[in-house]
Amino acid sequence: MRNIQTLLLLFVAIVLGWPHLAAGEAPTSTTPPQETPADKDARMRWWREARFGMFIHWGVYSVAAGEWNGKPVGGAGEWIMNGADIPVAEYEPLAKRFNPLKYDPAEWVRIAKDAGMEYVVITSKHHDGFCLFDTKTTDWDVVDRTPYGKDLLMPLADECRKQGLKFCTYHSIMDWHHPAQTRGGKTYNPTQIKPGRKQEFTDYLRAQLQELLDSCDPEVMWFDGEWLDWWEEADGREIYAWLRERKPSLIINNRVGRGRDGMEGLNKGDQEYVGDFGTPEQQIPATGVPGVDWESCMTMNDTWGFHKHDHNWKSAETLVRNLVDIASKGGNYLLNVGPTADGEIPPESVERLSAIGKWMHANGESIHATTASPFAALAWGRCTARQGDDHATLYLHVFDWPPDGKLRVPGLRSKTGGARLLATGQALTAERDGDDTIVSLPVEPLDPIDTVVVLETAGPLDIATP
Ligand code: FHN
């Protein structure tokens, strides 16, 4: 009797699962593969230690470069289809002018690596739906619609692996070109899903994600364009589980579902949300959140995609101090470049990345693989750390050099085991002053942007709470 029951159950399972299996799809579930906290720590380790990555927004919008019909269009370059309210039929010809003959993935990766970046996230498909990879799901891609005619992601992925960086992709859920999505009203944003066509779109999305896994094999899937009333947390959970089943080591941001709390990017507090890290955008949280992974994505000027009229470039000082501030709070910094249509990273971006690289060459140890500051706040700068059970290395990032040469570290009661300037190794003296520790500094800072003082503690960290 039991055998008949088992056979019946097996038959039902196969029949119900068959359509998915036939389409190469596991039956969709919303439960990701089982993972212990130690497993997750192992999966996230490279990402947490990286601390710094390059964001790349590139596509046919780079041809428009922030202009339409000869006039500048406000807003970010990659939003021009919406900003200038361009009909699809008038937007598509831009692809015929997308011919990045100067594209040099080896040079792009070298620029990122020399800046101290350890991963690259590039737009595989932005809101305009245009695919920078060879996809069988649509001909609205670089192979079929541009004179360039070749996949742009795989050469970059190969170069990342060759030069030791992680390759990652950004993929937008909102799609202004896909026939199942339609304008919500007077603009393209947010889209609505046409009645009865959500499954058509999610099948399309899954097929493209599978193509990306099979071709350029990203280490992070960075979702965006999730703020649609027809895209739900359950949809994100399903995609997250489906991706992790296919690539257990994959890391996925919180924009796969509906967790992010606006541009602040960390998850809303009303429930558990799917995704491995929060995504503050164009901002840095006031403090870190112990046990929460997050990455601030920011531009160097004001636009993500290239915009020829955006000259509002941040200084190298601001960019370095953003990196340090973010690392001191336990976050990652995803800093954007918007290459031109012919395949060049703008010189203003290259110049700033080179300046960051100069600082990182001397001080990268104080960023990579460090953890958040153990101090509530430091008036003169920031702190990053490497903490052991009976020892700690504190990296004191001095933005404002004390005029009297005395650097007060508030509440640090640990026995110190020596102090030095990170960039030169010059020894410094450190002594207790009540509940504080004072480090005696040279008259002038090594680097006015941020001079890093290394303070070793002999024994576990002991900090008086303020
Ligand atoms: O609308 C996009 C925008 O174009 C850009 O891609 C940023 C980067 O995180 N994300 C969205 C805005 O939140």
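Shown for the range 228-376: the carbon plus sulfur share of the solvent-accessible area, taken with all protein chains present and a 1.4 angstrom probe, equals 50%. When only alpha carbons of the range 37-366 are considered, Rg and Dmax amount to 18.6, 57 Å. With one equal scatterer per alpha carbon and no solvent term, the Debye-computed log10 I(q)/I(0) for the range 26-94 at 0.25, 0.26, 0.29 1/Å reads -1.09, -1.15, -1.29. The angle between the Cα long axis of helix 347-363 and the main principal axis of the chain comes to about 50°, on a 0 to 90 degree scale. Full extension of the chain between E232 and D41 gives 66.0 nm of extra length, using 0.36 nm per residue less the Cα-Cα distance.
Computed packing ranks the peptides 319-328, 393-402 as 319-328, 393-402, most packed first, by mean other Cβ atoms within 10 Å. Identify the residues of the range 361-378 with backbone N under 20 Å of a label point that sits 7 angstrom from the Cα of D435 along the Cα-to-Cβ direction, or state none. 373-378, by backbone N distance to the label point. Summed over all non-identical Cα pairs, the Kirkwood treatment of the range 381-457 gives a radius of 12.4 Å. The stretch between E245 and Q283, if pulled fully straight at 0.36 nm per residue, gains 10.4 nm over its current Cα-Cα span.
Put the Cα centre of the range 187-207 next to the Cα centre of the range 373-411 and the gap is 50 Å.
Dipole of the chain computed with +1 at Lys/Arg Cβ and -1 at Asp/Glu Cβ about the Cα centre; of S414, A84, F55, farthest Cα towards the positive end is F55. Restricting the range 240-316 to GluC sites (Glu not before Pro) that sit in a DSSP loop and have at most 16 other Cβ atoms within 10 Å of their own Cβ leaves E272. Over the chain, Cα pairs under 8 Å with separation of 6+ residues give a relative contact order of 15 percent.
Suppose R0 equals 56 Å; then what is the FRET efficiency for D139 and K268 from their Cβ-Cβ distance, rounded to the nearest 0.05? For D139 and K268, the calculated efficiency is 0.90.
Between the beta carbons of D203 and R183, assuming R0 = 25 Å, the FRET efficiency works out to 0.70 to the nearest 0.05. Taken along the Cα-to-beta-carbon direction at a fixed 7 Å, the label points for R408 and V443 span 2.4 nm. Taking every protein chain into account, the accessible area of the range 126-217 amounts to 38 square angstrom per residue (probe 1.4 Å). Average accessible surface for the range 262-333: 39 Å² per residue, computed with a 1.4 Å probe over protein heavy atoms with every protein chain in place.
Each label point was placed 7 Å from the Cα along the Cα-to-Cβ direction; for H311 and V88 their separation is 3.8 nm. Note on the chain: antiparallel DSSP beta bridges, both residues inside, total approximately 55 percent of the bridges counted.
Per atom type, the range 136-189 shows carbon and sulfur on 50% of its accessible surface, probed at 1.4 Å. So how tilted is helix 2-22 from the main axis of the chain? Cα-based, degrees 0 to 90, rounded to 10. Roughly 90 degrees between the two axes.
About its Cα centre, the dipole of the chain is roughly 340 debye, where the only charges are +1 on Lys and Arg Cβ and -1 on Asp and Glu Cβ.
Rolling a 1.4 Å probe over the protein heavy atoms of the range 381-457, with every protein chain left in place, gives an accessible area that is 48 percent carbon and sulfur.
Length available on full extension from D114 to D158: 0.36 nm per residue minus the Cα-Cα distance, which gives 14.1 nm. In the chain, the longest principal axis of the Cα atoms and the axis of helix 153-163 are about 30 degrees apart.
Think of each Lys and Arg Cβ as +1 and each Asp and Glu Cβ as -1; about the Cα centre, that makes the dipole of the range 381-457 roughly 120 debye.
Residues of the range 381-457: accessible area per residue at 1.4 Å, in Å²?
Heavy-atom SASA per residue in the range 381-457 reads 45 Å².
Alpha carbon centre of the range 98-167 versus the range 431-466: separation in Å? Distance between centres, Cα-based: 44 Å.
The values are calculated or read from the model by the stated rules, or taken from the named source; none is laboratory data. Note that this is a predicted model, so its numbers are computed, not measured. Every residue, glycine as well, gets a Cβ built from its backbone with ideal geometry; the counts of neighbours run over all protein chains shown. Surface accessibility is based on the protein's heavy atoms, side chains included, excluding ligands, DNA and RNA. Shrake-Rupley method; radii C 1.70, N 1.55, O 1.52, S 1.80 Å.
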